[in-house]
Structures are given as structure tokens and as C-alpha cells.
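Shown next, in C-alpha cells, is the structure this report addresses.
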Amino acid sequence: MELPDLDYVVLTHDHYDHLEYATIDYLLNKKVVFIVPLGVDARLRGWGVPENKIQVMGWGDSVQCKRMEIIALPAVHYSSRSSYDRNKTLWVSYVFTGGGKKIYWSGDSAYGAHFAEAGNQYGPFDIACVEIDGWNPRWPKVHLFPEEVIQVCKDVKAGLLLPIHWGVFDLAMHPWDESIQKIVDLAHKDSIEVTTPMMGEKIIPGVTPTEYWWVSEQPVHPYPLQLLHTAPYIACCDGAADEYIRRGNVPHLIIGDGDSISEENRLCFADRILTISEQNSNDQTKAVTHLIHQGFKNIVIVGATGKREDHTLGNISLLMEYMSLARVQMATDYGIFTPTQDTTTFATYSGQQVSIFNFGASGIQGENLVYPLSDFTNWWQGSLNEATCNRITIHAKGHYLIFRSFKQ
């Protein structure tokens with residue numbers, strides 16, 4: 001994403017994940033003023049930034065920037081860029097006021113009384129931009145723990161929380177998305193509104209809707225992941241392409257009606273996009289049909305159980321329509337669906353969960369299953385069975401769908 005012309009660059013402290021030489025060098029000849037804590041100005045001057053383009057801020061200092069006032073306030077953190085300069089420069093939080101709005105920016109900070117002091121003196125705030133990541137019991141006075149983030153919102157009297165300082169650098173031992181998920185869950189319990197834009201996304205706080213974009217829409221179980229890593233050909237429905245590409249992958253084909261892929265990826269991967277605009281079939285069927293026409297006879301659908309229950313049921317049931325054309329299965333995070341007809345033997349393991357869904361078959365009986373089978377007419381009747389050994393046999397005449405769970 002290209003940055004617009006900047007008026008001000010505001011720094012909270014000099015750690016490498018907040019102050020990078022390459023960025024300052026890029027901005028060196030721009031018409032931009034740097035607002036920095038005490039001591040950080042020396043670093044910028046050493047990198048060639050003219051003194052008249054630097055505004056130095058100590059705790060309690062303020063500066064008028066056109067129609068906005070910026071106030072530097074305390075934080076609980078530390079500074080350094082080497083083992084020889086620890087705490088030689090200041091670290092700050094900020095208050096931004098202007099246009100009848102107030103923003104609180106926590107900077108990097110552990111929990112302390114300064115949050116309530118900021119709320120009492122300058123609050124309430126329309127939005128609080130609060131750091132949420134990098135916490136660990138081994139360094140309790142450096143970053144906020146998830147529960148403390150919620151308390152900070154209350155302390156500063158914020159109407160909206162924008163989580164910051166997460167999802168970019170790996171600074172602690174927890175998974176990259178653990179902090180944001182905990183924050184969202186805790187905020188929901190406390191009726192605190194949260195906005196979660198993607199990196200680089202423009203929003204109007206409190207107006208622009210945002211999504212839980214970090215929540216995986218693709219499987220995480222080793223079996224479907226292995227399929228994705230080893231398959232000789234990957235075709236993505238356009239609704240799944242953005243997530244697949246965001247994870248560093250490049251599909252061989254992107255197929256669908258073209259209404260769900262981002263404009264950036266539409267341009268970048270134009271050479272492999274096949275747009276089929278007709279609405280008589282869904283994108284899954286368009287993809288399967290195209291692959292079959294290209295000669296593929298063994299197809300596994302991954303991550304297609306949908307965001308809605310009706311989509312899930314529809315996508316699964318379509319397996320029965322594909323089975324006369326090719327071997328098409330569906331792998332999820334929990335197991336694999338296989339459309340089948342007549343008497344068939346399946347590889348299993350003892351204790352594996354097995355469900356059989358009848359699509360008009362008769363004479364249904366099973367071998368090596370805990371519960372007996374019959375010509376059931378409702379899907380639930382054949383679900384939650386269990387294999388007793390490494391092989392089961394379903395005796396039937398007609399079509400049915402079998403689900404076998406993965407070892408978790």
C-alpha cells in the first residue's frame with residue numbers, strides 16, 4: 001500500500017520495532033515533522049534529519065499541530081537500541097485532541113496508575129489505541145497482559161478500543177493471534193466495543209465495520225494442510241483465494257464469479273483467474289467441474305465447509321452429485337467426507353468416529369462398527385458411530401455419504 005503525503009510522524013520510543021533507519025531515510029526528504037520523546041531527537045539528527053523538522057516531547061509537554069494538539073504522557077516501559085544505551089532516551093504515551101474528538105495512544109507500556117490519571121485529566125476518549133502483545137510473566141513491567149488491556153479502556157474512559165502492537169513482530173512466546181483473540185473475548189464480556197482493521201486498512205472509528213480477519217478460514221489440522229502442501233495442483237474459489245495468498249501461497253488457478261477476491265489480488269494474479277459469472281451453480285461446483293474437464297479424476301476439497309450453516313450443508317451435499325464424474329472428497333479440520341455407493345470397505349482405526357448419511361440407499365448394514373445400521377431416513381440416525389478395528393465395511397445398495405474423523 002502506498003502511503004499518502006504525511007504531515008507528522010509520531011514516535012513513542014526508540015526500540016527497533018518502532019524506530020527503523022530505513023523508514024526515516026525514506027522520509028528524510030519529505031515535508032514531514034517528527035514528534036519524538038526526549039533523546040530520540042539525537043538519533044534522528046545522527047541519521048540526517050534537520051533539527052527544524054524535529055519536535056521533542058517530555059512527559060506533560062504539548063504541541064499544536066495545525067488543528068490538532070498532541071500531548072505526551074507517561075508510560076511504563078524502557079528504551080534501548082544496544083546493551084550500552086538502556087534508558088538513555090524517553091518513552092511516552094500520547095493524547096491527540098482536535099475537531100471535537102480525543103484519541104489515547106498507549107505506546108508500549110505495562111499497567112500503571114498513569115492510565116487512570118490520563119483518563120481523569122483528559123478523558124473520556126472517543127477511542128483508545130492500546131498495545132496488546134509481547135506480554136510474558138518473565139517481564140511483567142514491559143507490556144500489558146490481556147486482562148489489563150480491558151482495565152486500561154476503563155481507566156482512560158474510552159468508548160472504543162483499537163488494539164495495536166500485535167501481528168507484526170514475534171516478541172513473546174505466545175501464538176501471534178492469541179492476544180487479539182483474548183482481547184476480543186474479554187471485551188465482549190465487558191461490553192467494550194472493539195475495532196479490528198487489517199494492516200493498512202482505512203477506517204472511520206465507530207462507523208466502518210471491521211472483521212475478525214485473523215480467524216483462520218482454512219484448516220489447521222495436519223492432514224488437510226499436508227494435502228495443500230503436496231497436491232500437484234491447487235485451485236482456489238475466489239472467496240478463499242485472499243486467505244490462501246495472505247498465508248504466502250500461490251494457487252495454480254482462481255475460479256468463481258469474481259465477486260469475492262480483493263482488487264489487489266485480482267490485478268496481481270490476473271494470469272490465473274478464471275471468471276465464470278453464471279449463477280446456476282456455486283463456486284465450488286464451478287471449480288470441480290472445471291477440474292474434471294481438465295482431466296482431473298481424484299479431487300479433494302479443502303476448507304469448503306463455509307461461513308454459514310446453509311452453505312456448509314449445501315457444499316457437503318454436492319459431493320453426491322460429483323461422484324458419478326470423478327472421485328471427489330472433502331477434508332475438514334475434523335475428518336473427511338467420502339461419497340459412496342453400494343457395498344464398500346474403508347480403512348479406519350479403532351475408536352475412529354464414523355457417520356453415515358443416507359442418500360436413498362437400502363439394505364444398509366455395517367461390519368466392525370459399535371452400533372448397528374439400518375435404512376435410516378434422517379441424517380442424525382447414522383451419525384456418531386465408532387469403528388472397532390482398522391477396517392469397516394458398509395453393505396448397501398445405492399448412494400450414501402460417509403464421514404471418518406481424524407485423530408486429534
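Taking into account only those residues within segment 103-136 that are aliphatic (A, V, I, L, M) and not in a loop (DSSP other than H, G, I, E, B), which is surrounded by the most Cβ atoms within 10 Å (Cβ to Cβ)? Outline the logic, then answer.
Applying the first criterion (aliphatic (A, V, I, L, M)) to segment 103-136 yields 103, 110, 113, 116, 118, 127-128, 130, 132.
Remaining after also requiring not in a loop (DSSP other than H, G, I, E, B): 103, 116, 118, 127-128, 130.
On the way: ILE103: 20, ALA116: 16, ALA118: 25, ILE127: 21, ALA128: 30, VAL130: 26.
Here the answer is ALA128.
Given the criterion modelled with pLDDT under 95 and either assigned to a loop (DSSP other than H, G, I, E, B) or more than 28 Å from HIS221 (Cβ to Cβ) (or both), identify the matching residue among GLY295, GLY306.
Numbers: GLY295 fails: modelled with pLDDT under 95.
Being modelled with pLDDT under 95 and either assigned to a loop (DSSP other than H, G, I, E, B) or more than 28 Å from HIS221 (Cβ to Cβ) (or both) holds for just one of GLY295, GLY306, which is GLY306.
Could you look through segment 252-266, keep only residues that are in a loop (DSSP other than H, G, I, E, B) and modelled with pLDDT under 95, and pick out the one that is surrounded by the most Cβ atoms within 10 Å (Cβ to Cβ)? Outline the logic, then answer.
We begin by selecting, within segment 252-266, every residue in a loop (DSSP other than H, G, I, E, B); these are 252, 257-262.
Adding the requirement that they be modelled with pLDDT under 95 leaves 257-262.
Values: ASP257: 18, GLY258: 15, ASP259: 10, SER260: 13, ILE261: 22, SER262: 13.
Across segment 252-266, the extreme among qualifying residues is ILE261.
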**ARG67 vs. criteria charged (D, E, K, R) and touching a helix residue (DSSP H, G or I) at 6+ places or on another chain (Cβ under 8 Å)** = no
**Asked** If you go through segment 208-220 one residue at a time, do you hit one that is without any contact (Cβ under 8 Å) to a residue 24 or more places away in the chain and in contact with a Phe, Trp or Tyr (Cβ under 8 Å, 6 or more places away or on another chain)?
**Response** no
**Request:** Go through segment 112-143 residue by residue and tally those that are farther than 21 Å from ARG86 by Cβ and within 28 Å of the chain's Cα centre (by Cα).
**Result:** 9
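Among the residues of segment 319-342 satisfying the criterion of being of a type in the set (Gly, Ala, Ser) and out of contact with any Lys or Arg (no Cβ under 9 Å at 6 or more places or on another chain), which is surrounded by the fewest Cβ atoms within 10 Å (Cβ to Cβ)? Walk me through how you get there before you give the answer.
Step one: list which residues in segment 319-342 are of a type in the set (Gly, Ala, Ser), which gives 324, 326, 331, 335.
Still in the running and out of contact with any Lys or Arg (no Cβ under 9 Å at 6 or more places or on another chain): 324, 331.
Working: SER324: 9, ALA331: 24.
Ranking the candidates gives SER324 first.
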**Asked** Do you know which residues across segment 203-253 are assigned by TED's automatic domain parsing to the domain that holds VAL300 and among the charged types (D, E, K, R)?
**Response** ASP238, ASP242, GLU243, ARG246, ARG247
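Working only within segment 267-301, note down all residues that are farther than 23 Å from GLU321 by Cβ and surrounded by fewer than 16 Cβ atoms within 10 Å (Cβ to Cβ). Quick ask: steps written out before the conclusion?
Filtering segment 267-301 for residues farther than 23 Å from GLU321 by Cβ gives 267-273.
Correct list: LEU267, CYS268, ALA270, ASP271, ARG272.
Hey, among the residues in segment 6-36 that are of a type in the set (Val, Ile, Thr) and more than 28 Å from the chain's Cα centre (by Cα), which one's surrounded by the fewest Cβ atoms within 10 Å (Cβ to Cβ)?
So the first thing to find is which residues in segment 6-36 are of a type in the set (Val, Ile, Thr), and the list is 9-10, 12, 23-24, 32-33, 35-36.
Next cut, more than 28 Å from the chain's Cα centre (by Cα) only: 24, 32-33, 35-36.
Details: ILE24: 17, VAL32: 14, VAL33: 18, ILE35: 22, VAL36: 27.
The selected residue is VAL32.
Yes/no per residue for (1) assigned to a loop (DSSP other than H, G, I, E, B); (2) in contact (Cβ under 8 Å) with a residue 40 or more places away in the chain; (3) within 30 Å of ARG272 (Cα to Cα):
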| residue | (1), (2), (3) |
| --- | --- |
| HIS290 | no, yes, yes |
| GLY314 | no, no, yes |
| VAL328 | no, yes, yes |
| PHE337 | no, yes, yes |
| ASP375 | yes, no, no |
| TRP380 | no, no, no |
| GLU386 | no, no, no |
| LEU401 | no, yes, no |
**Request:** Could you grab me the full set of residues in segment 88-102 that are over 30 Å from the mean Cα position of the chain (by Cα) and either of a type in the set (Ser, Thr, Tyr) or not in a loop (DSSP other than H, G, I, E, B) (or both)?
**Result:** THR89, THR97, GLY98
**Message:** For segment 360-373, which positions are surrounded by fewer than 17 Cβ atoms within 10 Å (Cβ to Cβ) and either at pLDDT below 95 or not in a strand (DSSP E or B) (or both)?
**Reply:** GLY360, VAL370, TYR371, PRO372
**Complete:** Flagged pairs (Cβ under 9 angstrom, 6 or more apart or on separate chains; first in segment 80-102, in the same structural domain as GLY119 (by TED's automatic domain parsing); second among the aromatic types (Phe, Trp, Tyr) and exposed (fewer than 14 other Cβ atoms within 10 Å of the Cβ)) are ARG81/TYR16
**Message:** Going through ASP25, ASP17 one at a time, which residue ends up being touching a residue at least 12 places away in the same chain (Cβ under 8 Å) and not in a loop (DSSP other than H, G, I, E, B)?
**Reply:** ASP25
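The values are calculated or read from the model by the stated rules, or taken from the named source; none is laboratory data. These numbers come from a predicted model, not from an experiment. Here the Cβ is made from the backbone with ideal geometry for all residues, glycine too, and neighbour counts use every protein chain on show.
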